[in-house]
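Trainee: Can you keep this structure in mind? I'll have questions shortly.
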Amino acid sequence: FDPQSKLLAGFQILDTESMLGDVQAQYILDDYKAVDGITLPHKITITKGGKDYSSVQYTSIAINDPEAQKVFEIPEAASAEADQAIAAGEYSPVKLNKVDNGVWHAFAYSHHSMIVEFPTFLAVVEAPYTEAQIKTLGRLLEQQFPGKPIKYAAVTHHHYDHTGGVRAIAAMGATVLVEKGHEPVLRAILEARHTDPQDELDKRRNAQPAQPTGSIEVFEGKKVISDGGQSLELYAIRGNPHVDPKVIAYVPSARALFASDIWSPAPNVAAGSANADARHLLYSIGQLNLKVDKMVGGHGGVGPFSDLVKASTGTAKPSSD
Ligand SMILES: [Zn+2]
Ligand SMILES: [Zn+2]
C-alpha cells in the first residue's frame, strides 16, 4: 500500500503461464483516478519471473458500459457450438478430415494436427494451441478410434503456439517425440509445475499415488514409427529461415507430408508466390527424396504437392513422383 494515499501499490502472486508454468508475478498499480466515485488504477505494470511482462496505460475507464458488455454476447451462428463447449467443460473447435487411408487432418481453430492410425495405436503430429484443444481432440479420437490410445505425439518445433498442447497430450500417456535441437525448451515445458489452475499433467504427476503420464523421447535427425504396414517418418530439416531445426512428418503409405508454418496449403496458389521458408521446404523434400502427393498444413488445409512446386518454382509439376 502507498503510505500516503493508502491505495494498493502492488501485489505479488504465483501465476501459471501456459509455457513457463508457475512463475512469481508482480503487479504494480499506479496512476489512480476517480471513475464514478471509485478510485481505480489507470496504469498496471506486470513482471513475471523478474522479466517485463506487460505495461498498460488506460486513457479512460468506464464501469458497466453496455457497449462493452456486448462483446460477451454469443452470436446466434455460434450458439449451438457454445452449448457444446459449455457441456464439454473444456472445449476448442476440432474436426477430423480424412486425408487418405489411415491419415487424418485434425482441423482446429487455427493450429492443426495430423493423425496417423496404426493397427493398435495412434500417432499425433503436433499438439498445438491449448490444453482445451488437445482434450477436445482426445475425446474425438476416442470416439473415432475406440481402444486405440495416442501412443506418440511428435513436436515439429518449439514455438509456443505449436507446443501449447504438449503437456495435455503427455498427460494422456503419449510419448512426446522431440528432436535434439528442441529438447531444452520442450523439457522445460514438460517439467514445469502448473498449479493455478492445475493442468492435467500436473494433477496426474502429483496425485497420490502418481498416475502414469507420457515421457519425452529425444531423437536426432530422423525418427521412424513403423507397425503393421503403416509408417510415420519424422525428419529434422536444417537451415530453414523460420526455425532451425524444423521437423516435418511424412506418411509414405499416403504420400502425405505435414508441415507447419513453412507452407500452409490454401486454394488458388499463385506461381512463384512462395516465401523462403516454403522454397527451403521444397528443397529439403528433394534432398530427402520423399515422394509427396499431399501437403497437410499445421495452418491452412490439405493441398496438392504441385501447389508447393508451383509457388516455389513458378511451374506446376503434377507430383514429385
Ligand atoms: Zn513457428
Ligand atoms: Zn504457426
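Trainee: Roughly speaking, what is the centre-to-centre gap between the range 139-172 and the range 64-125 when only Cα atoms are used, to the nearest Å?
Mentor: Spelled out, the Cα-based centre of one part sits 14 Å from the other.
Trainee: For the chain, give the magnitude of the charge dipole about the Cα centre (Cβ charges: +1 Lys/Arg, -1 Asp/Glu; no others), in debye to the nearest 20.
Mentor: Dipole about the Cα centre, nearest 20: 960 debye.
Trainee: How big is the charge dipole of the range 129-200 about its Cα centre, in debye rounded to the nearest 20, if each Lys and Arg gets +1 on its Cβ and each Asp and Glu gets -1 on its Cβ? Write down the numbers at each step before the final one.
Mentor: Numbers: 8 positive and 9 negative charges, 49 e Å.
About 240 debye.
Trainee: Using Cα-Cα distances under 8 Å and only pairs 6 or more residues apart, what relative contact order does the chain have, in percent?
Mentor: Contact order relative to length: 11 percent.
Trainee: What ranking do 54-63, 69-78 get when scored by the average of other Cβ atoms within 10 Å per residue, highest first? Don't skip to the answer; put the middle values down first.
Mentor: Numbers: 54-63: 10.0, 69-78: 8.1.
Result, highest mean Cβ count within 10 Å first: 54-63, 69-78.
Trainee: Which percent of Cα-Cα pairs in the chain sits in each 20 Å bin, short to long?
Mentor: 28, 49, 21, 2
Trainee: Turning to a different aspect of this structure: Which of Ala271, Ala170, Ala153 ends up with the largest GNM mean-square fluctuation for the chain, with Cα atoms connected below 10 Å?
Mentor: Ala271
Trainee: In whole Å, what is the distance between the alpha-carbon centres of the range 184-202 and the range 242-321?
Mentor: That distance is 33 Å.
Trainee: Collect residues whose amide H, placed 1.01 Å from N in the peptide plane, falls under 5 Å from the amide H of Gly10; neighbours closer than 5 in sequence don't count.
Mentor: Leu29
Trainee: Roll a 1.4 angstrom probe over the protein heavy atoms and tell me the percent of accessible area of the chain that is carbon or sulfur.
Mentor: 52 percent
Trainee: At 1.4 Å probe radius, can you tell me the per residue accessible area of the chain in Å²? Kindly include the intermediate steps, with their values, before the conclusion.
Mentor: Values: 16180 Å² over 321 residues.
On a per-residue basis, 50 Å².
Trainee: Using unit Cβ charges (K, R positive; D, E negative) and no other charged atoms, how large, in debye to the nearest 20, is the dipole of the range 1-121 about its Cα centre?
Mentor: Here the range 1-121 has a charge dipole of around 280 debye.
Trainee: Here is a follow-up. Calculate one ³J(HN,Hα) per residue across the range 88-93 by plugging θ = phi - 60° into the Karplus curve 6.51 cos²θ - 1.76 cosθ + 1.60, and present them in order as whole Hz with x for glycine and proline.
Mentor: Residue by residue, the range 88-93 yields 6, x, 10, 8, 8, x Hz.
Trainee: Calculate for the chain the 222 nm mean residue ellipticity that helices alone would give, adding -39,500 (n - 2.57) per DSSP H run of length 4 or more and normalising by residue count, nearest 500 deg cm²/dmol. Please report the intermediate quantities before stating the final value.
Mentor: Numbers: 8 runs with 71 residues, N = 321.
Rounded to the nearest 500, the figure is -6000 deg cm²/dmol.
Trainee: What are the extents of the Cα atoms of the range 10-69 along their three principal axes, in Å, largest first?
Mentor: 37, 24, 16
Trainee: Rounded to the nearest 0.05, what FRET efficiency do Lys203 and Ala276 give with R0 = 45 Å and r taken as the Cβ-Cβ distance? Could you check?
Mentor: 0.60
Trainee: Among Ala9, Leu40, Ser253, whose Cα lies farthest out toward the positive end of the dipole of the chain, if unit charges sit on the beta carbon of Lys, Arg (+1) and Asp, Glu (-1)?
Mentor: Ser253
The values are calculated or read from the model by the stated rules, or taken from the named source; none is laboratory data. Bear in mind the structure is a predicted one, so any value in this text is a computation, not a measurement. Don't worry about glycine lacking a Cβ; one is built from the backbone with ideal geometry, like all the others, and counts go over all protein chains shown. Note: areas computed on protein heavy atoms with side chains; ligands, DNA, RNA excluded. Shrake-Rupley method; radii C 1.70, N 1.55, O 1.52, S 1.80 Å.
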